[in-house]
Amino acid sequence: YHHASWDALYCGDQATGVACPGFPTSVPQASGAAFATNPWYTTSLITAEYLDRNSGRLYFWVLDSASSKPAVVCADLKSNTSCGSYTYTSAAAYLYPGNFFTLTGGQQGSRLYANAESGRMRCFDTATFGPCAGTDAAGTFAVAGAPTDTFNSQNEGLLQVGSRLYWQAIGQTNTT
């Protein structure tokens, strides 16, 4: 559902092989609100997500359709309600042409990471439900050695292996 805002949260019942009642659906912005149709966000080409299996909470990166800014959504899969959302209001808007919205990421402890613009990484802390400590106003931090002149201000393809995060940072004049 990259490029469009459709209900993109699915559930399939393994016992029956059919969709769970009420799905597909979307997660509202407000905590405690029941899953509903007509989302306020657009998902990325590759959705970066983290499922806390103990609490049944699914956290994932989205683009706030109203502001064009990155956000995190929390879905409580046990109660089929929103456990809130956080929009990075101080982050740069992802506007085409010039910036592409492709957030990929990884998770370590309570921290959910995503690629950010110009050689930076964005971090969300599920424990505090906000930007990680030590990040700037946009929830980002610089990554040593990453080019700051990334193509379309974007880093691409963040993947996690163990506690390490790997990604491509495509510079204007070279590839790192």
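The values are calculated or read from the model by the stated rules, or taken from the named source; none is laboratory data. Just so it is clear, the structure is predicted and the values come from calculations on it, not from any experiment. Side chains included, ligands, DNA and RNA excluded: accessible areas come from the protein's heavy atoms. Shrake-Rupley method; radii C 1.70, N 1.55, O 1.52, S 1.80 Å.
Just give me the residues in segment 39-98 being aromatic (F, W, Y) and under 18 Å from P131 (Cα atoms), in sequence order.
Hits for segment 39-98 are Y50, Y59, F60, W61, Y86, Y88.
Suppose we filter S85, S90, S110, S79 for residues that are within 24 Å of L9 (Cα to Cα), at pLDDT below 95, open to solvent by 20 Å² or more (accessible area, probe 1.4 Å) and small (G, A, S); which single one remains?
Within the list S85, S90, S110, S79, the selection yields S110.
Out of segment 120-142, which residues are in a strand (DSSP E or B), open to solvent by 30 Å² or more (accessible area, probe 1.4 Å) and modelled with pLDDT of 95 or more?
P131
Kindly provide the set of residues from segment 22-67 that are open to solvent by less than 20 Å² (accessible area, probe 1.4 Å) and in a loop (DSSP other than H, G, I, E, B), ordered by number.
The answer is V27, S44, A48, G56.
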